[in-house]
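Engineer: Here's a structure for you.
The values are calculated or read from the model by the stated rules, or taken from the named source; none is laboratory data. Note that the structure is a prediction, hence the values are computed from the model and not measured. Neighbour counts are summed over all protein chains in view; Cβ atoms, including those assigned to glycine, are modelled from backbone coordinates with ideal geometry.
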Protein chains: 2
Amino acid sequence: MITTEIKPPYLIFFAEKKELKFVKTGIGLFEWRRDLCVGQLGIDGGHLEIELPQMSIKEAHAAGVKSLIIGTTSIGGGLPAQWMDTFIEAANIGMDIVGGLHEQLNDAPDLKKAADKSGAKLIDIRVPPKNIPVGTGKKRSGKRVLMVGTDCAVGKKYTALALERDMLKAGMDVDFRASGQTGIIIAGKGIPIDAVVVDFISGAAEILSPDNADNHYDIIEGQGGIFHPGYSAVSLGLLIGSQPGAFVVCHKAGRQNIGGWDDFPLPSIQQVIDRTTELGKQVNPEIKCVGISVNTEDLSDEERAPYLENLSKKYGLPCIDPIKDGTDAIIANLV
Amino acid sequence: MITTEIKPPYLIFFAEKKELKFVKTGIGLFEWRRDLCVGQLGIDGGHLEIELPQMSIKEAHAAGVKSLIIGTTSIGGGLPAQWMDTFIEAANIGMDIVGGLHEQLNDAPDLKKAADKSGAKLIDIRVPPKNIPVGTGKKRSGKRVLMVGTDCAVGKKYTALALERDMLKAGMDVDFRASGQTGIIIAGKGIPIDAVVVDFISGAAEILSPDNADNHYDIIEGQGGIFHPGYSAVSLGLLIGSQPGAFVVCHKAGRQNIGGWDDFPLPSIQQVIDRTTELGKQVNPEIKCVGISVNTEDLSDEERAPYLENLSKKYGLPCIDPIKDGTDAIIANLV
């Protein structure tokens, strides 16, 4: 499979950060792949209050760590000079380094030299793999469930990860398929779909969820929104290449307009269901919506239950907040 | 405007070719922009029977030529060594070189060195401009007509160029907007939409047809097909960013399946009209189909007229072959 692949176990680099809100990637990795994380590494007093010991590069290497994961961002997306000593030490010792910053690890000459010498890989998660083919539209074996959204940042990744977790608990054969940076770091592989040249986006989505066993489920992280004025092509390319038999609509309760595109009202859940079904039929006539996943963090406890019940009645579909309810209701409907 | 721009007048490089079918780009340029072409340059006895004199680089330079346009392709898309002397001579003299081969001019070290020294530009038409922004969806002034297709290679570029020609003849204020390689060489500017990273495709399409006078028309070259299993995301991104008020459906008479994707039946013209209208409404509620343009080269003379009449009656739209009929009927309906 032509995807980025990350070798576990991991040491998470939090730099000088101390607050959870500045380290979303690293915390996401710790939350969803705790068993693959061996330690954390802060500099200049940086430390996160999570159950991961501070470790130096040497200690982590001795403990068998294969990859240093950059779990935070920098102002402007550059590679701060004060991080570089740590990275070069890791590269010298042969540890892969994985980052999603704008400035690429492979563009830092000293770091590249150290990595080339030791054989360590510098993995820039934003850079898609080479040689992605054009989409074929050919039917693949196995089952696929795609997350779609009324907008960006409504919980598509979280819903997909919760589905994978809950399906694994239920003993099902399932893989989360990551199409964005944080998702790739959590999954340990994937393709940053939005960074692919548009001619190849459906081909990339095809590679992301390859042929599989008949009873295997790929739970595919969605991107953008099919009504989004900036990103609808991303969503369509991912939909066409994924050829899902089922999809979940993700939504954030209370959102009125497309985030950052305030002149565009948010589409209704019904509009998203209708358009996704209509467009997805082209590659999979079976496609249907199996549930609605809502981020209800802006609702009060009193509002939450009636809001979800109301939606569920309106659409005749299970309707859950994956953080608070889990996804079992959607899984039951899917199966 | 962030687009590729080519300086006229031109010398067209046909290499060793002698047959029209091997030099489509160069012949397209000569056909549609004859007044900007000063000469042709063949090597090893290459020569095309068109009204353009053979010229050396020196002669062309003396005649005021600013750009050498590679008007043919090579086997495999590489830069043949036997072409390089000519290119280096052109670069040395300060002449820009424009090509759409897979192997980039800027990747040939000796050529790059010569160009850097003289200030000549090496313009790789396949490479999109840098710093393309994400699409805003903001309404722009001026009028826009997008070519869409039942498939790739059905005459979208030809139809757009014919519309521009016929609208200019009618004294209208109009620009052909090129979204593909050959189109860009003909227009002298544009963006290779299918080579843009998918996150930015709608932004690229927005840049391609910027704000303009209220009575100005942009005739936008289409790409792919909205039902295409490989390229539908290209078509959607171009549609959303173009926000056209009108579109023309292009079709090739007799085609049954999507070219190269034989398992996929060609969508009907009605399906393309419906889906384009539905998706395009998101950014321009006025959008409507103003005509059908058919490549009828595979029909006999007896079949042609009834075929077009039949389509015209069925859809209630002007229906023409742009090569044989011109596009006046569509222009009349547009205005």
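Engineer: Spot the failing condition for B:His216; the list is (1) in contact with a helix residue (DSSP H, G or I) (Cβ under 8 Å, 6 or more places away or on another chain); (2) over 18 Å from B:Gly260 (Cβ atoms), and only one is missed.
Structural biologist: That leaves (1) as the condition not met.
Engineer: List the number of the failed condition for B:Ala253; all other conditions in (1) under 19 Å from B:Asn295 (Cα atoms); (2) touching a residue at least 60 places away in the same chain (Cβ under 8 Å); (3) among the small types (Gly, Ala, Ser); (4) more than 14 Å from chain A (Cβ to nearest Cβ) hold.
Structural biologist: Going through the list (1) under 19 Å from B:Asn295 (Cα atoms); (2) touching a residue at least 60 places away in the same chain (Cβ under 8 Å); (3) among the small types (Gly, Ala, Ser); (4) more than 14 Å from chain A (Cβ to nearest Cβ), B:Ala253 breaks only (2).
Engineer: Here are some residues: B:Ala204, B:Ala178. Which one is in the same structural domain as B:Val148 (by TED's automatic domain parsing), under 25 Å from A:Ile191 (Cα atoms) and either in contact (Cβ under 8 Å) with a residue 12 or more places away in the chain or of a type in the set (Val, Ile, Thr) (or both)? Give the derivation first.
Structural biologist: Details: B:Ala178 fails: under 25 Å from A:Ile191 (Cα atoms).
Only one candidate passes the filter, namely B:Ala204.
Engineer: In addition: Go through the stretch A:98-120 and give me each residue that's in contact with an Asp or Glu (Cβ under 9 Å, 6 or more places away or on another chain) and buried (at least 20 other Cβ atoms within 10 Å of the Cβ).
Structural biologist: A:Val98, A:Gly99, A:Gly100, A:Leu101, A:Leu105, A:Ala114, A:Ala115, A:Ala120
Engineer: Restricting attention to the stretch B:1-51, report how many residues are over 28 Å from B:Ile191 (Cβ atoms) and assigned to a loop (DSSP other than H, G, I, E, B).
Structural biologist: Of the residues in the stretch B:1-51, 12 are over 28 Å from B:Ile191 (Cβ atoms) and assigned to a loop (DSSP other than H, G, I, E, B).
Engineer: May I pose another question? Identify, by number, the condition in (1) in contact with a strand residue (DSSP E or B) (Cβ under 9 Å, 6 or more places away or on another chain); (2) over 15 Å from A:Ile6 (Cα atoms); (3) crowded, with 16+ Cβ neighbours inside 10 Å that A:Ile93 doesn't meet.
Structural biologist: A:Ile93 satisfies all of (1) in contact with a strand residue (DSSP E or B) (Cβ under 9 Å, 6 or more places away or on another chain); (2) over 15 Å from A:Ile6 (Cα atoms); (3) crowded, with 16+ Cβ neighbours inside 10 Å except (1).
Engineer: Looking only at the stretch A:296-320, count every residue that is in contact (Cβ under 8 Å) with a residue 40 or more places away in the chain and crowded, with 22+ Cβ neighbours inside 10 Å and tell me the total.
Structural biologist: Looking only at that region, the number is 1.
Engineer: Please work out if B:Asp175 is of a type outside the set (Lys, Arg), away from every other protein chain (no Cβ under 14 Å), assigned to a strand (DSSP E or B) and surrounded by fewer than 21 Cβ atoms within 10 Å (Cβ to Cβ).
Structural biologist: Working: of a type outside the set (Lys, Arg): yes; away from every other protein chain (no Cβ under 14 Å): yes; assigned to a strand (DSSP E or B): yes; surrounded by fewer than 21 Cβ atoms within 10 Å (Cβ to Cβ): yes.
For B:Asp175, the condition - of a type outside the set (Lys, Arg), away from every other protein chain (no Cβ under 14 Å), assigned to a strand (DSSP E or B) and surrounded by fewer than 21 Cβ atoms within 10 Å (Cβ to Cβ) - is met.
Engineer: Then there is this: A:Phe30: within 15 Å of A:Thr72 (Cβ to Cβ) and within 17 Å of the chain's Cα centre (by Cα), yes or no? Walk me through it before giving the result.
Structural biologist: Details: within 15 Å of A:Thr72 (Cβ to Cβ): yes; within 17 Å of the chain's Cα centre (by Cα): yes.
Yes, satisfied.
Engineer: To continue, here is another question. Within the bounds of the stretch B:187-194, is there any residue that is more than 15 Å from the chain's Cα centre (by Cα) and more than 14 Å from chain A (Cβ to nearest Cβ)?
Structural biologist: Scanning the stretch B:187-194 turns up no residue that is more than 15 Å from the chain's Cα centre (by Cα) and more than 14 Å from chain A (Cβ to nearest Cβ).
Engineer: Sticking with this structure for a sec: B:Gly291 - would you say it is farther than 30 Å from A:Asp262 by Cβ, buried (at least 19 other Cβ atoms within 10 Å of the Cβ), out of contact with any His (no Cβ under 8 Å at 6 or more places or on another chain) and among the small types (Gly, Ala, Ser)? Let's see the steps before the verdict.
Structural biologist: Values: farther than 30 Å from A:Asp262 by Cβ: yes; buried (at least 19 other Cβ atoms within 10 Å of the Cβ): yes; out of contact with any His (no Cβ under 8 Å at 6 or more places or on another chain): yes; among the small types (Gly, Ala, Ser): yes.
Answer is yes for this residue.
Engineer: Looking at the stretch A:263-282, can you tell me whether even one residue there is modelled with pLDDT under 95 and surrounded by fewer than 17 Cβ atoms within 10 Å (Cβ to Cβ)?
Structural biologist: yes
Engineer: Is there a residue in the stretch A:305-323 that is assigned to a helix (DSSP H, G or I) and under 20 Å from the mean Cα position of the chain (by Cα)? Before the answer, list the steps.
Structural biologist: Within the stretch A:305-323, the subset assigned to a helix (DSSP H, G or I) is A:305-315, A:322-323.
Next, from what is left, pick out any that are under 20 Å from the mean Cα position of the chain (by Cα): A:322-323.
Yes, the stretch A:305-323 contains a residue that is assigned to a helix (DSSP H, G or I) and under 20 Å from the mean Cα position of the chain (by Cα).
Engineer: Report whether or not A:Cys289 is closer than 23 Å to A:Tyr217 by Cβ, out of contact with any Gly (no Cβ under 9 Å at 6 or more places or on another chain) and outside the structural domain of A:Glu31 (by TED's automatic domain parsing). Working first, answer last.
Structural biologist: Values: closer than 23 Å to A:Tyr217 by Cβ: yes; out of contact with any Gly (no Cβ under 9 Å at 6 or more places or on another chain): yes; outside the structural domain of A:Glu31 (by TED's automatic domain parsing): yes.
For A:Cys289, the condition - closer than 23 Å to A:Tyr217 by Cβ, out of contact with any Gly (no Cβ under 9 Å at 6 or more places or on another chain) and outside the structural domain of A:Glu31 (by TED's automatic domain parsing) - is met.
Engineer: Every residue in the stretch B:36-92 that is in contact (Cβ under 8 Å) with a residue 40 or more places away in the chain, farther than 18 Å from B:Pro8 by Cα and of a type outside the set (S, T, N, Q), please.
Structural biologist: Scanning the stretch B:36-92 gives B:Ile43, B:Pro80, B:Trp83.
Engineer: Hey, A:Ile184 hits all of (1) part of a loop (DSSP other than H, G, I, E, B); (2) of a type outside the set (Phe, Trp, Tyr); (3) closer than 27 Å to A:Ile69 by Cα but one; which does it fall short on?
Structural biologist: For A:Ile184, the failing item is (1).
Engineer: Looking only at residues that are of a type in the set (Val, Ile, Thr) and closer than 19 Å to A:Ala162 by Cβ in the stretch A:195-249, which one is nearest to the other protein chains (Cβ to nearest Cβ)? Spell out how you get there, then give the answer.
Structural biologist: Let us first name the residues in the stretch A:195-249 that are of a type in the set (Val, Ile, Thr), namely A:196-198, A:201, A:207, A:219-220, A:226, A:234, A:240, A:248-249.
Remaining after also requiring closer than 19 Å to A:Ala162 by Cβ: A:219-220, A:248-249.
Details: A:Ile219: 21, A:Ile220: 16, A:Val248: 21, A:Val249: 17 Å.
Going through the qualifying residues, I end up with A:Ile220.
Engineer: In the stretch B:39-59, what residues are under 21 Å from B:Leu161 (Cβ atoms) and surrounded by 13 or more Cβ atoms within 10 Å (Cβ to Cβ)? Don't jump to the end; show me each part of the working.
Structural biologist: Taking the stretch B:39-59 first, the residues under 21 Å from B:Leu161 (Cβ atoms) are B:40, B:48, B:50-52.
Passing the criteria: B:Gln40, B:Leu48, B:Ile50, B:Leu52.
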